[in-house]
Structure formats: C-alpha cells, structure tokens
Amino acid sequence: MSQNTRAAALLEGPILRSLLMLAIPIIIANVLQSAYQLIDAFWVGRLGDAAIAAVSVSFPVIFLTIAIGSGLGIAGSILVAQYFGARNQEMVNHVAGQTMLMVLITSAVMGLAGYLLTPALLTLMGVEPDVYAGAKGFMHVAFMGLVFSFSFMMFQAIMRGIGEMRLPIMIVAGTVLLNFFLDPLFIFGWGSFPAMGVMGAALATLVTQSIATCIGLLVLFGGKYGIHVSLKNFKPDFAFIKKAFFLGLPASIELSARAFGLIIMTFLIASFGTLAIASYGVGSNMIQVAMIPAMGFSMAISTLVGQNIGAGNLPRAERIGRLGALVSFCVLSVFGVIVFAFAPHFVAFFVPGEEEVIATGATFLRTVSLAWGLLGVQFALSGVLRASGNMLTTMMLTIISQWMILFPVAYILSQNTSLGLEGVWWAFPISYALVSMISIAIIAKGDWKNKKVIDPRAALAKKVSDEIITEESYTGHQN
C-alpha cells in the first residue's frame, strides 16, 4: 500500500475499519512479543529452581528499563502520527531519525550503567549465592543488548505511527521462531558449542533483537514503507530530542508506576499466605492476557487520533476516541464474560490438580473479569490523551489508579472488613470503574483538544542546509 493510499484510508475511510486494521496487527504483535518471555521460561525451567529464580529476580530491573524505552517509543509514535497526518513527509523522516538517535544514546547510557551496577543491585536485592551467578550473567547480557531492544521498540513505534503494522509482525514472528531454536542451543550447548545456562537465554534474545534492529534500519533507510531516513536525519537536533524526551518521560513514569503498584499489591497479598499468592499469580496471568487487546486498541486509537489531529480534523479524532472506547468496552466485556463462565478451567490450565488454588483463583477471576470492559474504556481514552500530547494526564491517571485507589481500597477492604482476601480482589473492579469514569469526564470536558504538540506549518521552516524547504522560499520560487 502506497503512503498516500494508506493515509487516505486512515484519515478518510470508515473509522471502524481503520481501527480494526491497526488494532488487530498490534494485538498479534503484542502476543508474539510476549512469546519471548514464554520461550525463555520454557527452556530455563528445565535448568531447575535456581535458574528460574535468576530470571525472576532480573525481571523487575529489566522491566523498569523497558518502561523507559516504551515511553520514548510512545513519544516517537505520536510525533510521527501527527506529522504523517499533516502530510509532512520531511518531518516524518526527521522525527524517525531523531527518535532513533535518541533511543540509541539513551539505551547506550542505560545499558552501560546497568552493566556496571548489576553486582550492587543483586547484592541489594539479597540474592542467594546459588542464584547470584546466573542472575549476574543474565542481566549483563540483557544490558549489553539494551541498545537493540530499544532500537527495535522504536522502529515498531515509528511504523505504527504511519499505520504500517504488517512488516513489524513478520519481523517479530521470524525472530520469535529463531529464538525458540537458539534458546536450547545457547542454554544447553550442542557438540563443541558450550552450554551457557541462564545467560544463554539472554544471549539468544540479544542475537534475535540485533537481527530485528538491523532489518528495521534497512527498512527505514530503504524508503519503501512510507519513511525514508538518511544520514542527515541523524544529525543531532537537540531542541527536538529534548522535546521528544520530555514528551515520552511521563509515559515512562506511568509504566514504572504501574509496575511498582503491582509489586506493592504483591506484598499485601503475601500477608495472606502462599495460597493467596499462587491464586493472585494465576489471576494476574489472565489479567495480562486481557491487557493485550486493551493495549492493542489503545495503541491503534492513539495512532488514528494522532494522525487526524495532525491533519487538523479534531471532530473525526473525537469520533475515533468515542467509537474506540465502545469497541474496546465490548471486546473486553465479551472476553470477561467468557472468563467468568469458565474461570476454574482457566485457573486449572496453569495449576492442574491444585484444588485450593483453583477455587481461590476462580473467585479472583470472577470478581474482576466482568469489569474488564471498563479497563478497556480506560485504556482507549488514555490512547486519545496520549495522541493529543496530554502525557502528564495519563501519567496522573495511572498514579491515581494504582496508588490512590487500588492499593488503599485493597488495604482497607482486606484489613478492616470481614471480606479479608476477597477485599483485595474487589479493589480491582472498583479501581477500573472509578478511573474509567474519571477518564470519560476528562475527555468530555474537551481540554485535551487544546494541547498542541506540533505546528505543521512551522515544522517546515527548517534550515535550507538541512534540505528542508521553508514555505517562504518555496513561495518565492513559484513566483
């Protein structure tokens, strides 16, 4: 599909068709991306408890770094989407180059810092001696590969900004398949090829992510998919990099706050014993599954709204937000009803034969699942706010959700009422309901429309030395 055809389809075509055209590939890509963790868990699990623990203790640290990368990716996607909607190809290319440069610098600094601080972090976490070596090797390799993880994450965000999702899916699918075969080779060895244990899993991911990044860069430099960067686009534009960084920073803080909030919830649930933790763990797996379509619709809405804002079509952007929230509500509600009806079976899939865990986990799922439609509304409207540049608002919504509603309500209901553990479970739907209502009120008020991220006309006024023609010189040439 040519760039003009794609732009016309996304900016002028039926909204529902455009929404599904973006959301379905994003959901598939997210499912494939999660396969990395599942594949690592599958093979590392065969090394024993210490190996599993090594990966487990590494995950929170790695997740926090990924949160920062994801936030920068969101900023890149929004800027590309708005300039794409404004049909400003020069600035689309410029944004792509500058955001890639930004993540290269950020990931290199963070990767080096993480590598050097790994021993101190593991000591601070109180890691047992039999876990320490594996965790250290895993984290060292993961931090070495951070530049590739961030770069491919940004490539996906850039392509999402112009509405091109098929190519990233094919790349992710290929690297996931390759990772499945590289994992056992690097972990267990083969013939003269040495076994590297837990570190081998991280190395397999590094190899596949580096391949994905190289393909992504070839695509960007090739210019066949709506973006054509050149070396001049990588010349540092520090004013723009600063703008993009601070646009993405609230999203990074938002993701980190969400992660920390869930960690704190785990501490509260742990006070009820192993059975509660196991039930929560299984239930959380299903919530993560529900989050995949929720995030898919949120990203698709963000892209469409951003493109239409860039094109100056705010009424259509508003309609996209309303329809997107309705579709997300319906899809998540249907999924929630299915999980409610078959809750014990879903829990038993993860813990077959554990009757107490199945019973408690089913209670958890039946308490939260019917409210997943409200979670869908919350994520959909957050996509609208992000697309319009209201990153601080979405950050505050997450902080309110996790730290001012979810945890306090869970604590009060579980510690000060007869509900006990079920009080924790009820905190989730209460949080979904309140935050979705707050989100609806913010969108209805309409202030989000006043946020200005780009000026399509001023954006053309780049220096001639940067080979971007100003409108004035163009007019003079025509005259």
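The values are calculated or read from the model by the stated rules, or taken from the named source; none is laboratory data. On a predicted model such as this, the values are computed, not experimentally measured, just so you know. A quick note on method: Cβ atoms are made from the backbone with ideal geometry, for glycine too, and the neighbour counts reach across all protein chains shown. Accessible surface is based on the protein model in full, side chains and every heavy atom, while ligands, DNA and RNA are left aside. Shrake-Rupley method; radii C 1.70, N 1.55, O 1.52, S 1.80 Å.
The single condition among (1) at pLDDT below 90; (2) open to solvent by 20 Å² or more (accessible area, probe 1.4 Å); (3) in contact with a Leu (Cβ under 8 Å, 6 or more places away or on another chain); (4) over 25 Å from ALA75 (Cα atoms) that VAL207 does not meet is (1).
Just one of (1) open to solvent by less than 10 Å² (accessible area, probe 1.4 Å); (2) part of a helix (DSSP H, G or I) fails for ILE227. It is (2). The residues on offer are ILE264, ILE277, ILE287, and the sole one that is among the β-branched types (Val, Ile, Thr), free of Cβ contacts under 8 Å to residues at least 24 places away in the same chain and farther than 22 Å from VAL172 by Cα is ILE277.
Would you mind telling me which numbered condition in (1) surrounded by 22 or more Cβ atoms within 10 Å (Cβ to Cβ); (2) farther than 28 Å from ARG386 by Cα PHE267 fails? Here PHE267 meets the rest and fails (1). When region 214-224 is filtered for residues that are open to solvent by 10 Å² or more (accessible area, probe 1.4 Å) and in contact (Cβ under 8 Å) with a residue 40 or more places away in the chain, the ones remaining, listed by number, are ILE215, LEU217, VAL219. Screening VAL109 on (1) surrounded by fewer than 20 Cβ atoms within 10 Å (Cβ to Cβ); (2) in contact with a Pro (Cβ under 9 Å, 6 or more places away or on another chain); (3) of a type outside the set (D, E, K, R) shows it passes everything except condition (2). Summed over region 177-204, the residues that are outside any helix (DSSP H, G or I) and open to solvent by 70 Å² or more (accessible area, probe 1.4 Å) give a count of 5. Of all residues in region 217-233, those satisfying the criterion of being touching a helix residue (DSSP H, G or I) at 6+ places or on another chain (Cβ under 8 Å) and over 12 Å from ILE162 (Cβ atoms) are LEU217, VAL229, SER230, LYS232, ASN233. Being open to solvent by 10 Å² or more (accessible area, probe 1.4 Å) and at pLDDT 85 or above holds for only one residue in SER302, SER284, and it is SER302. Only one of the numbered conditions (1) touching a residue at least 24 places away in the same chain (Cβ under 8 Å); (2) not in a loop (DSSP other than H, G, I, E, B) is not met by LEU116, and that is (1).
Across region 47-86, the qualifying residues are those that are more than 24 Å from ALA257 (Cα to Cα), without any contact (Cβ under 8 Å) to a residue 24 or more places away in the chain and part of a helix (DSSP H, G or I), and the one among them that is most open to solvent (accessible area, probe 1.4 Å) is ASP49. For region 230-241, the set of residues classified as open to solvent by 70 Å² or more (accessible area, probe 1.4 Å) and aromatic (Phe, Trp, Tyr) consists of PHE238 only. The residue list PHE186, PHE180 contains one member that is closer than 18 Å to GLN37 by Cβ, in contact with a Gly (Cβ under 7 Å, 6 or more places away or on another chain) and of a type in the set (A, V, I, L, M, F, W, C), which is PHE186. When residues in region 427-452 are screened for being under 30 Å from SER414 (Cα atoms), among the small types (Gly, Ala, Ser) and either out of contact with any Gly (no Cβ under 9 Å at 6 or more places or on another chain) or open to solvent by 80 Å² or more (accessible area, probe 1.4 Å) (or both), 5 of them pass.
Is at least one residue of region 357-378 closer than 14 Å to ILE74 by Cβ and either of a type outside the set (Asp, Glu) or open to solvent by 20 Å² or more (accessible area, probe 1.4 Å) (or both)? No, region 357-378 contains no residue that is closer than 14 Å to ILE74 by Cβ and either of a type outside the set (Asp, Glu) or open to solvent by 20 Å² or more (accessible area, probe 1.4 Å) (or both). Of all residues in region 148-166, those being open to solvent by 20 Å² or more (accessible area, probe 1.4 Å) and either under 30 Å from ALA86 (Cβ atoms) or without any contact (Cβ under 8 Å) to a residue 60 or more places away in the chain (or both) number 4. Would you check if MET170 is crowded, with 18+ Cβ neighbours inside 10 Å, assigned to a helix (DSSP H, G or I), modelled with pLDDT of 90 or more and out of contact with any Cys (no Cβ under 7 Å at 6 or more places or on another chain)? So MET170 fails the test. Counting the residues of region 305-320 that are touching a residue at least 40 places away in the same chain (Cβ under 8 Å), surrounded by fewer than 24 Cβ atoms within 10 Å (Cβ to Cβ) and not hydrophobic (A, V, I, L, M, F, W, C) gives 5. Restricting the search to helices (runs of 4 or more DSSP H) fully inside region 331-394 and requiring at least 3 residues that are farther than 30 Å from GLY85 by Cα and either in contact with a helix residue (DSSP H, G or I) (Cβ under 7 Å, 6 or more places away or on another chain) or acidic (Asp, Glu) (or both) gives 343-350, 355-368.
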